[in-house]
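Scroll down for the structure; my scribbles are underneath it.
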Amino acid sequence: MSSTPLFERELAELAQAHLLRHRREVSPLLPPADLSPDQEHLRGTTYLINGQSRLSFGSNDYLGLSQHPALILAAQQAAARYGVGATASPSVCGHSPSHEALELELATMVGLPRAVSFVAGYMANVGVIPALVGRGDAIFSDALNHACLIDGARLSRADVQVMPHGDLAALDAALQASTARRKLVLTDAVFSMDGNIVNVPALLTLCERHDAWLMVDDAHGFGVLGEHGEGTLAHWGITGRDGVQPEWQGRLHRLIYMATLGKAAGVAGAFVAGESTLVEWLVQKARTYMFATAAPAMLTEAVRASLRVIQEEGGRRQHLARLRDQLQDRLRTGLKLRPTWRLMPSETAIQPLIIGSNEDALAVMAHLDRQGLWVPAIRPPTVPPGTARLRISLSAAHTCAQVDALCQALSEAV
Ligand SMILES: *Cc1c(COP(=O)(O)O)cnc(C)c1O
């Protein structure tokens, strides 16, 4: 039987509920390679979106590296050196010297013994979780976790308990009550729609007490947090570039650290880091690592260039922090916004402005769009009902004047 009538009806229902997602065609306004010095403010900030020029506050390019000349050059040189495809999975013949070097550099940067790279963050999470736990084991998953942690948990067939967001007491009680052989706690390190940073030391201590593993997904912290962009572990003083900090020596064998390379790092891919034996286990058992074609060296070399920029150009993180403070000052006290709107408390590049109803959020987004500004409205089910929001995402590529233009346009939205 044809599936067409069924899907047509369901698509019509989605459209009726305003839940259809419309993809836009997006490209840099001008090719990054052609920008003159007086056009630098366009790099990584200004896009053609469905043919219209827009200043974007929608990307996860938090450091503005996706169009950085050093990364583009690294990709070009790698294509010339390696070709454009990795040709096979890592265990067959897809693991190049570039992949090997990248994994060493990633482990060193986050201060953990070993790392393994994946072609995407989604692939990492849906591969790693089923490699760690299975039937009869228990997963404790924060209610606001990213979709791929949820999918990885489902794929594992372990029993999943969804924990109230950030509730350490509830987690403590659930771990205490569990009789499972293996327990795994899953959490975003920085929540993608809220911007808040998870208390990793408190979670690690809880997991130590209950002999549970802790997997943290640092998709939005890696590159942005920590003095040199090492991510959330360095932010909390757990590890640094010189390795595990004294207080945490010998205490990280329950930790699985995952981060993505397509957000602040500006390229694509992901990695998982931890104890050497854990990482070796993943190389042997994570099916999305074993059975997927490795990333092209174009990408791994671009990531290696990105890691150098992340660590050497600390000014990017300082500028991002200044933009964040500027936005918070202007929206909290400097300008008159509608009284029901609320800027969430967030130290990171993600600055959500809660609007409330879906219709209002869409109206504000449309108002900004008419002013030449692209800020995505995020609605349920991605966020809880009644908390539709603008997810303002700042980038070190933005100028103070660009952030000011956004604040001004928000104050004029009625
Ligand atoms: C984006 C994201 C992922 C997926 O990473 P990709 O590399 O885009 O597949 C995983 N976890 C979180 C929290 C994310 O925000």
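Rolling a 1.4 Å probe over the protein heavy atoms gives segment 146-209 an accessible area of 45 Å² per residue.
Other residues with beta-carbon under 12 Å from the beta-carbon of Asn60 carry, at +1 per Lys or Arg and -1 per Asp or Glu, a net charge of +1.
Normalised by the number of residues in the chain, the mean separation of alpha-carbon contacts (under 8 Å, six or more apart) gives a relative contact order of 22 percent.
In a fully extended conformation the segment linking Glu25 and Ala363 would gain 119.6 nm over its present Cα-Cα distance, using 0.36 nm per residue. Rounded to whole Å, give me the distance from the Cα center of segment 140-178 to that of segment 17-36. Spelled out, the Cα-based centre of one part sits 35 Å from the other.
State the Kirkwood hydrodynamic radius of segment 330-414 in Å, one decimal place, computed from all pairs of distinct Cα atoms. Taking the inverse mean of 1/r over all distinct Cα pairs, segment 330-414 comes out at 13.0 Å. Largest GNM mean-square fluctuation among His95, His22, His228, using the chain with Cα springs under 10 Å: His22.
Note on the chain: GNM, Cα springs under 10 Å; of Asp34, Asp159, Asp167, the largest mean-square fluctuation is that of Asp34.
In cubic angstrom, how much convex hull volume per residue do the alpha carbon atoms of the chain span? Don't jump to the answer; show the numbers that get you there.
Numbers: hull volume 70.2 nm³, N = 414.
Expressed per residue, the convex hull around the Cα atoms of the chain is 169 Å³.
For the chain, the share of accessible area belonging to carbon and sulfur comes to 54 percent (1.4 Å probe, ligands and nucleic acids excluded). Quick note on segment 1-142: its Rg to Rh ratio, both from C-alpha atoms and Rh being the Kirkwood radius, is 1.06. Amide hydrogen proximity for Phe140: with H placed 1.01 Å from N in the peptide plane, the residues at 5 or more positions away or on another chain lying under 5 Å are Gln161, Leu184, Val185, Leu186.
Restricting the GluC sites (Glu not before Pro) of segment 1-54 to loop positions (DSSP other than H, G, I, E, B) with no more than 15 neighbouring Cβ atoms within 10 Å leaves Glu25. The alpha carbon centroids of segment 51-74 and segment 235-282 are separated by 26 Å. Among Pro384, Pro32, Pro164, determine the one that fluctuates most according to a GNM of the chain built with springs between C-alpha atoms less than 10 Å apart. It is Pro384.
Other residues within the sphere of radius under 10 Å centred on the Cβ of Trp341, judged by their own Cβ, net out at +2 (K and R +1, D and E -1). In this simple spin-label approximation, Gln245 and Ser53 carry label points 7 Å from Cα along the Cα→Cβ vector, and these lie 4.6 nm apart.
Using only alpha carbon pairs under 8 Å that are at least six residues apart, calculate the relative contact order of segment 71-312 and give it in whole percent. Computed over segment 71-312, the figure is 32 percent.
Basic side chains Lys and Arg get +1 at the Cβ, acidic Asp and Glu get -1 at the Cβ, and with that the dipole of the chain about its Cα centre reaches some 460 debye.
In a reduced charge model with +1 at each Lys and Arg Cβ and -1 at each Asp and Glu Cβ, segment 71-312 shows a dipole moment near 660 debye about its Cα centre.
Computed with a 1.4 Å probe over protein heavy atoms only, the accessible surface of segment 235-299 comes to 43 Å² per residue.
Using the basic label-point model (7 angstrom from Cα toward the beta carbon), what is the Glu275 to Thr293 distance in nanometres? Spacing of the two 7 Å Cα→Cβ label points: 3.6 nm.
How big is the antiparallel share of DSSP beta bridges in the chain, given as a percent to the nearest 5?
60
Given their separation in residues at 0.36 nm each and the Cα-Cα distance between them, His18 and Glu100 gain 24.9 nm when the chain is fully extended.
The values are calculated or read from the model by the stated rules, or taken from the named source; none is laboratory data. Keep in mind that this is a model prediction, so the values were computed, not measured. Note that we place each Cβ from the backbone using ideal geometry, even for glycine, and neighbour counts take in every protein chain shown. For accessibility, only protein heavy atoms count, side chains too; no ligands or nucleic acids. Shrake-Rupley method; radii C 1.70, N 1.55, O 1.52, S 1.80 Å.
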